[in-house]
Structures are given as structure tokens and as C-alpha cells.
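Structure first, then comments.
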Amino acid sequence: MKSGLVAALCVAAAAPALAGPPYITDDPVPTDTGHWEIYSFTDGEGLHSNVDADAGLDLNYGPVKDVQLTATLPLSFSRESGRGWRGGTGDVELAAKYRFFDDEKSGVSLAVFPRAFLPTSTLERHERTRLLLPVWAGKDFPGGTSIFGGGGYEINPGPGNRNFWQAGLAITHDMSKTVSVGGEVAWQQRDSDDGTPETDAGLGTIIKLSEHYALLFSGGPTWADRRTGYHFYGSLGLFF
């Protein structure tokens, strides 16, 4: 496990491990059939000058109705006081979302989104594949407001690691045809024997530049081990 203050403040996997960009919390809506969503992202968490961050590509494709395939390919960066910056590969993530309930009349939908974190990081040195097994729910309201959330159980094998629960809730509102804003709260149990529970709160926005491009941002405080840190996310989204 990582040493230093950042260890107590970093989630078990690089965001968007629980991500419905730009939020930590995911939603049940899959990518449209035959369409791609590609996010060139940077995200991370930290405390003061100590930072753990990732940069890479989040690839999403809708092969058939109500199904989304996802692959996240990150590079990882870490800075700790007295050690400077380190860099390397991150843990590759593979996932498949299946929306098993979709009632357009009520605006309610439900989905499962199992995700595998492969031990490909040269910084974290995870020895085994981790699995996240979540359920996500959402409801759309007239006027452009949506609420979504849920959570699941992560299987986190390895010496000193612990399996844990995590959950999140978000609400968003379309301010116009091109701008959406939202807020969220996310929580997880400790993921190691010497870890602590973590709570994140944040605000986010999506700015549509055109039919095919958008800017996505979010960030806010992180509370863990009686300390307050921060988390952030930014990306350029391409849709086609």
C-alpha cells in the first residue's frame, strides 16, 4: 500500500472507477447503440502538495441496445513530499453495463455495471485483479433534472487488502441546451487493514461545444482519516 498522507485519501482505483463522467457516481444509461463516447481525461486526489493522478482514455461503445462496453487506459502519476514526481502505467479497467429496466414514461432506469481492475500499474503494484459489482438507478424529471446513484461491493484481494462497499448519489440539471451542472456525494469503506473510510463531495459541469465535443469538469473536498483533501476530474469528450 502507498505510504504518506495521500494513501488515506485516494480511492482504490483511478477515477472514473465509479464514474459517470465527470462524476464519481455512475448512472444507469448506456452509450447509444452503434455510438462511441471517448473521454481524454485527467483526474486525481491529494492533500496539500501530495497528489495521486491519472491521465488517459476512457472508451465506451454501445454494441447492442441497453449494453455498453468500457475500457479505461490510464497512465499514473504520484507526488509525495520529499520524493518528487513518479510516473508509470495505471490499472487497466474493463467493464460492461447492462440496463435491465427502462421505463420511459416514469423516467426510471436500472443497470448493472461490473468492472474489472487489472493489475497493470507500475506504481500501485496490485498483485491480483479486483472486481466491482454495482447496481445503478436513475430518474429523469421534467425540465431537465436528473437524479442517479447506487453502489456496490468491490472484491479487493491481496495481502493487507479488504473487500469493501461503496455508494454515491448525484443530481444534475440542464441549465440550457449546452450547459449542465450537478452535485454529488460518494462514500466508501476502508479498502485495507490500515486504511480509513472516505467521503467525497463535489460539483460538476458539462459544456457541449458541438454535436460531437464536450468539456467535462468536477471537483471538491475529500474527507478521510480526519483530514480534508481534494479530488478533481477534467476531460474532453468525443461522441460519434
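Bear in mind that the values in this text are calculations on the coordinates, not laboratory data. The shown structure was predicted, so the numbers you read here are calculated from the model rather than taken from an experiment. So basically every Cβ, Gly included, is an ideal-geometry build from the backbone, and we count neighbours across all protein chains shown.
Here are a few things to note about the model shown:
- Added length on full extension, which subtracts the Cα-Cα distance from 0.36 nm per residue, Ser106 to Leu133: 7.1 nm
- Extension gain, Leu203 back to Trp223 (0.36 nm per residue minus Cα-Cα distance, nm): 5.7 nm
- The chain: most fluctuating residue of Arg226, Arg130, Arg190 per GNM, C-alpha cutoff 10 Å: Arg226
- For region 173-196 versus region 76-95, the inter-centroid distance based on Cα atoms is 21 Å.
- In range of the label at Glu211: residues from region 31-46 whose backbone nitrogen is under 20 Å from the point 7 Å along Cα→Cβ: 31-39
- Arg86/Leu59 FRET efficiency (R0 25 Å; Cβ-Cβ; nearest 0.05): 0.45
- The order of Lys97, Lys177, Lys65, going from fewest to most other C-beta atoms within 10 Å of their C-beta, is Lys177, Lys65, Lys97.
- The chain, relative contact order in percent, only Cα pairs under 8 angstrom and at least six apart counted: 18 percent
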